[in-house]
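Values in this text are rule-based calculations from the coordinates and carry no lab data. These numbers come from a predicted model, not from an experiment. Glycine also receives a Cβ, built like all others from the backbone with ideal geometry; neighbour counts cover every protein chain displayed.
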Amino acid sequence: MALVKLTNVAKRYGSVAVVHAINLDIADGEFVVLVGPSGCGKSTTLRMIAGLEEISGGEIRIGDRVVNDLPPRERNISMVFQNYALYPHMTVRENLGFSLHIAKRPKAEIATAVDAAAEILSLTPLLDRKPGQLSGGQRQRVAMGRAIVRHPEVFLFDEPLSNLDAKLRTQMRVEIKRLHQKVGATVVYVTHDQVEAMTLADRIVIMRDGHIVQIGTPLEVFERPLNTFVGTFIGSPPMNLVAATVRGDSVVLTDGTTLPVPPGHAVQDGQAVELGIRADNMMPEGHAMPPTPHMAYVDMAVSLTEPLGTETLLFASLSGAEVQAKMLNPRPVRAGERMRFGIALDKCHLFDAATGATLRV
Amino acid sequence: MTRKTFPQWLVLLMPAIIILAAVVLIPLVFSLYSSFTAYQLTRPESLWKWIGTFNYQKAARDPNFWAAFGRTIVLLTIALNVEMLLGLGLALLVSKVTRGQRTLRTLMMFPMMFSPILVGFQFKFIFNDNVGLVNNALQSLGLSDVAIPWLVDAHLALFAIICAEVWTSTSVFAILILAGLFAIPQDPLEAAKVDGCTPWQSFRYVTLPFLMPFIYIAMAIRSLDVARAYDIVKIMTNGGPARRTELIWTLIGRTGYVDARMGYANAMGYISIFLAIGFTVYFFRKLSAARTTLGMGD
Amino acid sequence: MASNATHRLRRRMLATGHFIGLFLAMTVICLPGLWVILNSFRPTVEIMAKPAIWIPHELNLEHYTAMFGGAGEGGVPVITYFRNSLIISLTSTLIALLIGMAGGYAFARYRFRHKSLIFVALMVTRAVPGIALSLPIFILFGRIGIIDTHFGLILVYVAMNVPFTIWLIDGFFRQVPKELAEAAEIDGCTRWQAFWKVEFPVARAGIASAGIFAFLTSWNEYALASQLTRSVRSKTMPVGLLDFTSQFTLDWGGMCALAVLMIIPAALLTFLVQKHLIAGLTFGGVKG
């Protein structure tokens, strides 16, 4: 039985629909991430689950109750906001204990709960400070502490790491994952950062323009994207897309380069397609992973390099399109140097050029 | 190299300081001096007749003075508190409106456009026992068949004056508090909703602390104008009839200009000055304190 | 714990209650003014009628024509009063603005010791009740001989307006980012030039509204004007209104008409200024 169940949930502002009937089942204890570009409706969906936005259509269930019209305080949820939303005139201790104070729990109980939460999040030395005196990361942890103090049915996170600098972000990501392992709660997490989505989620829900585009585990959406949008959205650097046409059992690129059709795809002769190649699947000879059963080789001139230390990103041109490839065990590469790249076709994807849908079977 | 020039800020502030010293400070000093004399306008040489604190003692013994003083304090306290509560309520109501906000805000400013003299006149008209709106309405609705003497009876007149005063200034409170309501970050309010607060609890624990600086600003601004009640009272009842609505200021005006007892009037004037300054300083202090608790200090 | 339906009902009731409350409030706010305006157009007969006539039977401009007739109805020189008010208010506003800009800029851009003390001291001068101040000023101005002149009143109004103008302008300058002037200085301007070319234009709207507020204060002021003016040479409109009360103790219509005349400029200006006024008061006040 799903703990959170969205059935045909929609949101309209006047005549403009920002969320079109979406369906989602979230299991008890699951960490689900809603991810997508700005304006895709992920935050709106989260806020509808929280009760901070009215639902224009459909039904939301938490546990075994329909919660459509219930205000947030009766939904047994807690939320971590993007801007932390701490109460500036209260100390950290008061912030953490506020919800219990409102629920009129006995003082001793509040104190224990607050101390426990502070312990988990290493906030104990900060308990008597005010939010104004804390750093961004510390405020973040207070926001999380406030959420876990109550033991709700569902935790909601609204882009909690967006306002932190890069290094702090990676640190907090680990902490959130650890927290989830320890507390084992059901989490709905919204972000626009696909790295966060991949590292934290049990399942990823990719949204675009108010629709759900694909739902799956991180590995599923990475290895089997349903369309070009998912393919290019997930994974860094983004998947390269090269235009081509199917001729028999080959794909012909615009400059004439011919490659075999990647295995596992159903195509029609003459079909216009896009070939999706990830940078990790296109590497120069001698600086590559072990070859897969189906390999193809092309020569390309390297225009730009981005050395990352353990690997280098190479920018090259394939059939007129700029592509990125990876180089393992790197050596210095001159601009303009021609190299021979091996493409692992087993890991490549073919998408229909018109619809963007995958042609994998 | 030593700087012999004045600091820039002082130069910029100099004109303000000069004119205020000339128009306010010097007269105040003079007023203080004359309050210790038996100065009468009709006998200018009496300016030099020093009588010490006689005027002040006389004021302390004068029942008229104390009646006026007490009445003034009652009026101000009631008026300020009522204005604040009504202003708060009005601001809350208006803040929740989604469409037509601008129109509402403009309408709210209506009372601010009126000179206090006009307000006094307006309410004198409305509360008039013959042609006044209130009596006519009461009679038309059958709620009364006498002409209620709003401006004559001691308590009713005070009530009418408070109505006028509240009508004038509730808008100031409402508008400032409205600005405060819009300045409140919405996130903590949403967090409060999630944390389990009813609307009343959200208001008490989150909104109100944020609003305090704005409320104090409004109080401070109002306290500056507190003496404008003089204008209203002068035209509505002129302190009468028979001193029943005498406020400290109408008393001063009458003693000084009508009775020409300047020294005495100045003494009473000084007392009223301390009253007004007391109110103002009190509220400015509260304002600073509220700002620092919110972490918005200088 | 209430069900979905209860919450829906509760929400709807709240919305209705909200609307009613707002409607009542707005009525109370607008009614007195509207009543006065309405009555200025009704003949005296109707105003005095008993039982009261609620829906006007007849509307005309007789009170207005009488008022402007001047010589006719007891000769209250409305036009002269209007002119006096205009001259005095405008002049005092301009001067107060200049002084206020200097002072406001000082508070907004400089740090110095006792800043808040000086600020409160300035504000407190405004707190002195007009009537208490008018006594010594009356005596002193009388000695100097500037009673019943434009100059005397202008002097007093400037002093009255400076504190508040400084407060407002301080707030507006604070909203102008310091970096603008710094960028201008890097581009080659002196501090003086940077001010006039960059900071002043940005704060212009706010300064204008501070000016309008000062104008309104002078336009509406009574306590000091009543003592410092004696004749048509310098009497302002608020004082002139009181003329009516002694002459036309029963001419409610006439007084309503004059009231309308006084309200119109004030209303227009207040309307123009409201947005900036609020911004200036809150920023200047709250953030020190």
Ellipticity estimate at 222 nm from DSSP helix runs (n ≥ 4, -39,500 (n - 2.57)) divided over chain B, nearest 500: -21500 deg cm²/dmol
Exposure proxy ranking, count of Cβ atoms within 10 Å, fewest first, for B:Val194, B:Val97, A:Val174, A:Val261: A:Val174, B:Val97, A:Val261, B:Val194
Alpha carbon Rg of the range A:1-87, scaled by the compact-globule rule 2.2 N^0.38 Å: 1.07
Estimated dipole of the protein assembly as shown in Debye, rounded to 20 [Cβ of Lys and Arg +1, of Asp and Glu -1, Cα centre]: 2720
Hz values of 3J(HN,Hα) by residue in the range B:178-192 - Karplus curve (6.51, -1.76, 1.60), Gly and Pro given as x: 4, 4, x, 4, 6, 7, 6, x, 6, 4, x, 5, 5, 4, 5
Range in chain C, longest, excluding exposed chymotrypsin sites (Phe, Trp or Tyr not before Pro) [loop by DSSP; at most 14 other beta-carbon atoms within 10 Å]: C:113-288
Two-decimal ratio, the protein assembly as shown, of alpha-carbon radius of gyration to 2.2 N^0.38 Å: 1.25
Translational D in µm²/s for chain A (Stokes-Einstein at 20 °C, 1.002 mPa s, Kirkwood Rh from C-alpha pairs): 94
Cα-based reach from B:Lys96 at 19 Å (exclusive), listing lysines while leaving out same-chain residues under 8 positions away: B:Lys193, C:Lys275
Positive-end residue, the protein assembly as shown charge dipole about Cα centroid, Cβ charges, pick of A:Asn8, A:Ala103, B:Tyr282: B:Tyr282
J(HN,Hα) series, the range C:92-99, from Karplus relation 6.51 cos²θ - 1.76 cosθ + 1.60, nearest Hz, glycine and proline x: 5, 5, 4, 5, 4, 5, 4, 4
Gaussian network model of chain B, Cα within-10 Å springs - most flexible of B:Met236, B:Met212, B:Met84: B:Met212
Sites matching GluC sites (Glu not before Pro) across the range A:308-361 that sit in DSSP coil, with at most 16 neighbouring C-beta atoms within 10 Å: A:Glu337
Over the range B:47-169 - Rg/Rh using Cα atoms and the Kirkwood inverse-distance radius: 1.13
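In the range A:86-157, what trypsin sites (Lys or Arg not before Pro) fall in a loop by DSSP, with at most 15 other Cβ atoms inside 10 Å?
A:Lys104, A:Arg129
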Whichever aspartates and glutamates have a C-alpha closer than 12 Å to that of C:Lys115, once near sequence neighbours (fewer than 8 apart) are set aside: B:Asp298
Chain C: relative contact order as a whole-number percent, Cα under 8 Å and 6+ apart: 29
Straight-distance crosslink candidates among lysines, where the alpha carbon sits under 21 Å from B:Lys234 and sequence neighbours closer than 8 are dropped: B:Lys124, C:Lys235
Largest to smallest principal axis extent of the C-alpha atoms in the range C:143-224, angstrom: 53, 23, 15
For C:Thr65, A:Thr91, order by how many other beta-carbon atoms lie within 10 Å, fewest first: C:Thr65, A:Thr91
Which of A:Asp269, A:Asp280 has the fewest Cβ neighbours within 10 Å, and the rest in rising order: A:Asp269, A:Asp280
Given charges at Cβ of Lys, Arg, Asp, Glu: chain C dipole, positive-most of C:Leu268, C:Leu34, C:Asn161: C:Asn161
Helix-only CD estimate at 222 nm, as mean residue ellipticity for chain A, using -39500 (n - 2.57) per DSSP H run (n ≥ 4): -7000 deg cm²/dmol
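Scan chain C and report its longest stretch carrying no trypsin sites (Lys or Arg not before Pro) that are both in a DSSP loop and have at most 10 other Cβ atoms within 10 Å.
C:114-288
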Fluctuation leader among B:Gly142, B:Gly180, B:Gly132 - chain B, Gaussian network, Cα springs under 10 angstrom: B:Gly142
Candidates A:Gln271, A:Gln324, A:Gln214: whichever shows maximal mean-square fluctuation once chain A is modelled as a Gaussian network with Cα springs under 10 Å: A:Gln271
Signed unit charges on C-beta, dipole axis of the protein assembly as shown, positive-most listed residue B:Ala68, B:Val82, A:Ile22: B:Ala68
Gyration tensor (Cα) of the range B:37-99, equivalent ellipsoid semi-axes in angstrom: 47, 15, 8
Compactness relative to 2.2 N^0.38 Å, alpha carbon Rg of the range B:173-229: 1.37
Net charge dipole size for chain A [Lys, Arg +1 and Asp, Glu -1 on Cβ; Debye, nearest 20]: 1120
Angle in degrees between helix A:107-120 and the longest Cα principal axis of chain A, rounded to the nearest 10: 20
